[in-house]
Amino acid sequence: MGQYRLFAGGLQPLVTPAVPRRSMSASKNGLEALSEMLAGELAEAGVRSNAVDPGAMRTVMRAEAYPDEDPAGVPTPYEISDIFVYLASDAAVDVTGQRYRARDFEWPEADIAP
């Protein structure tokens, strides 16, 4: 048994005037498609695959890219880490082929968050 957790952040439509970095959008959408394919093809082998969109995170790279942004409004990687803990836990043993937005994740009621 194994698992893949793909970081597919910021998935957007591929061809719109609002998407200035179409190549980045295409690669992220490709990761989501890869995750779905892996989930289907490897399910019988006990391998799970899920995509996670971490969204904007307070990192050095983001601060350099958006120097005028107030970092207080952007979560730290730690603040959005619950989804990764969940996917690595026994509570998610049957979870595969899903896409999650890290900022929107809430622990399922049957599970107890650490």
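The values are calculated or read from the model by the stated rules, or taken from the named source; none is laboratory data. Since this is a predicted model, take the numbers as computed values, not measurements. Every residue, glycine as well, gets a Cβ built from its backbone with ideal geometry; the counts of neighbours run over all protein chains shown. In case anyone asks, the SASA skips ligands and DNA or RNA and just uses the protein heavy atoms, side chains included. Shrake-Rupley method; radii C 1.70, N 1.55, O 1.52, S 1.80 Å.
For T96, the accessible surface of its heavy atoms amounts to roughly 50 Å² (probe 1.4 Å, protein chains only, rounded to the nearest 10). Extending 7 Å from Cα along the Cβ direction at D90 and again at V47 yields two label points whose distance is 2.5 nm. Annotation: Cα Rg of the stretch 26-105 relative to the compact-globule expectation 2.2 N^0.38 Å equals 1.29.
Accessible area per residue (1.4 Å probe, heavy atoms of protein chains only) ranks D53, D82 as D82, D53, with the largest value leading. The residues L34, L87, sorted by heavy-atom accessible surface at 1.4 Å with ligands and nucleic acids left out, run L34, L87 from largest to smallest. Charge dipole (Cα centre; +1 on Lys/Arg Cβ, -1 on Asp/Glu Cβ; no other charges) of the stretch 41-82 amounts to roughly 100 debye. Within the set of other residues whose C-beta is less than 14 Å from the C-beta of R58, count the net charge using Lys and Arg as +1 and Asp and Glu as -1. Taking every Cβ under 14 Å from that of R58, the sum is -2.
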